1. Straight-line reach from A:LYS14: which aspartates and glutamates fall under 17 Å, measuring Cα to Cα and dropping same-chain residues less than 8 apart?
2. Going by alpha carbons, how many degrees (0 to 90, nearest 10) lie between the helix axis of A:140-152 and the longest principal axis of chain A?
3. Give the lysines reachable from A:LYS31 as a straight Cα distance under 18 Å; neighbours fewer than 8 places away on the same chain don't count.
4. Once you keep just the Cα pairs under 8 angstrom separated by 6 or more residues, what percentage relative contact order results for the range A:5-238?
5. Taking θ = phi - 60°, what integer Hz values does the Karplus form 6.51 cos²θ - 1.76 cosθ + 1.60 yield along the range B:169-185, in sequence order, with x for Gly and Pro?
6. Quick one: Cα centre-to-centre distance for the range B:27-105 and the range A:217-231, in angstrom?
7. To check my understanding: the extent here is largest minus smallest coordinate of the Cα atoms along each principal axis. What are those three numbers for the range A:5-238, in Å, largest first?
8. I need the semi-axes of the equivalent ellipsoid of the range A:138-211: take the C-alpha gyration tensor, multiply each eigenvalue by 5, square-root it, list largest first in whole angstrom.
Amino acid sequence: MNSGIAMRGEGVCKSFDNDSVLEDLSISVSKGELLAIIGPSGVGKTTLLKILNGLLEPDSGKIYFMDKCLEFGNDCDLEARRRMALLSQKPYPLMKSVWDNVAYPLRLRDNDDIEKKVSDALEHVSLLDVSDRKATTLSSGELQRMAFARATVFEPDVLLLDEFTAHLDPYNIGVLEDAVEWYLEEKNAAVIMVTHNLFQAERISSTTAFLFDGQIIEKDRTEKIFEEPEDERTQSFVNGEMVF
Amino acid sequence: MASDILHVTLLSIFVSVSATLLASLMAVPLGTIMGLGKFRGKEVIRTVTYTLYGFPPVVAGLIIYLMLSREGPLGSLNLLFTPTAMILAQMVLVFPIVTGLTMSSISEVAKDAKETAMTLGADRWQTAKTVLNEARVGVISAIMVGFGRAIAEVGAVIIVGGNIRWHTRVLTTAIVLETRRGNFEYALMLGAILLSVALLVFFVLKRYQDKGVKM
C-alpha cells in the first residue's frame, strides 16, 4: 500500500454569519486509507467535505491535493477537482438516462472508451439492466448506487462520501459498502467518509477521526478510536452519550 | 383573398418568430446569469423584470413609435411602419417575460445541478450549460410564453406598423380591421389561423423541451 498523503487541510477555518463552524482544523488522508469522520450533527462535517472538494472557500487555511495547494478561484483548480469526487447524501439525478448520467463526467473530460467504462461502473453497482431508464425514476437505493457509479467512473484519486448510505435499506448499504471497499483496493484511492453510523465506521474504515467544536479532537486507527480512545469526549461519543 | 390571408399569416409568423428569437437570444443568457449568480442589486432587477411582465403593449408601441418617428433619435433609420419596427415593439414585450421566467427556472435547479456538475469536474462553462440543460423545461416554456405574447399582440404593432395591406398587416391587426368592417366570419377564420400557428410553433418547441442536449 502506498502511504503517500493524497489530501490534507491545514489550519482550516470557516464561519457562516459570524458563527464559527471550523476552527484551525487540520486533517490528512493517505492513498489506500478509508478515513471515517464521526461527530455530532452540526459540527461541520459536510462543510469540511465541501471545502476539501473546492465547493466552499475556507476563511483561512490551506488545502493540499497531492502536495499541491488548491487555489480557490473561479474554477477552483479544475485539474485537482477533476481528480476527486464528492458523493452526497441526496444525489441529484440529471434529467437523463442512467447511462448518460454515468457517462456525464467522462464527457466533461472528452474521455475515450466511454462505453466500456460506463458499463463496468454500472455492473459494479448492479444497475446495468436499468441503464436505459430515466434517472429520475430510480428508487433512493438505486439512485445512490447510480451516483456512486457516476462519482467513480472517472477513477478519482480522492473520494469524499457524505452520509452516502443514510436512509437506505440493508441491501443497498451492503452493495455500496462493498463497492467502496472494492474501489479503495482496486484504485488505491483515498476515501474520506462522513457518517453518523458508528457501526458503518467500525465496519469499513481503516482510520477514524472525531470532529467536535470545529476541530479534529482525535484521529487514529478505527479499532483504537472505538476501543481505547484517548480523549474523554471521543469516549462519550462512541458510547452514545451526550458530548460537552 | 387567399393570397391576402397567406401574406398576413406568413408576416405574422415572421415578425413574431423573429421577435421571440432575438429577444430570447439576449433574455436566456441574462436570465441564466441572474439565476446562477449572486450580486448586488439582483433583487431590484428581479422586481423590475417581473413588473415589466405587465408592460402595456400600447405604451411599448408608443415608445417605439416616438423613437422611430422622424423627430425621434432613430428617425433617420426610416423604420417606422415596417415589419422591423413591429419586431422591435414585440421584442420589448417578450424580453422581460423570457428573462424573468428563465431566471425562475434556473434558480429552481441551480443549487443542486451546479453542485453536481462541479463535484463531477465541470468547469464554469460546462456548469452553466448543465444547469441550463436541467432547466430546459422551464426555459423553453418561457420562450413559449414569450411567443404567445408576441403572436397575440395587437396594440403595439398597429401603432408602429400602421396595419398597411401587403406591407405590415398581420393576423391580429387584420382581425381588428375585419371586425370593424362587420366581417365577423372572416375575422373568426383569421382567429382560427392564428391559433393554428401558435399550436404549430408550440409543438416544435415542445420537441426541444423533451429532447434536451447531450453532454
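Taken together, the values in this text are just the output of simple stated rules run on the coordinates, not laboratory data. Just so it is clear, the structure is predicted and the values come from calculations on it, not from any experiment. Here the Cβ positions follow ideal geometry from the backbone for every residue, glycine too, while neighbour counts run over all protein chains shown.
1. List returned: A:GLU23, A:ASP24, A:GLU57, A:ASP59, A:GLU71, A:ASP213.
2. Its long axis makes an angle of about 90 degrees.
3. Excluding near neighbours in sequence, the set is A:LYS68, A:LYS187, A:LYS219.
4. Details: 441 pairs, mean separation 64.8, N = 234.
Worked out over the range A:5-238, it gives 28 percent.
5. Per residue, the Karplus-derived 3J(HN,Hα) values read 7, 10, 4, 5, 6, 5, 4, 4, 4, 5, 5, 4, 7, x, 7, 5, 5 Hz.
6. The two parts, judged by their Cα centres, are 64 Å apart.
7. Its Cα atoms span 51, 40, 33 Å along the three principal axes.
8. 18, 17, 10
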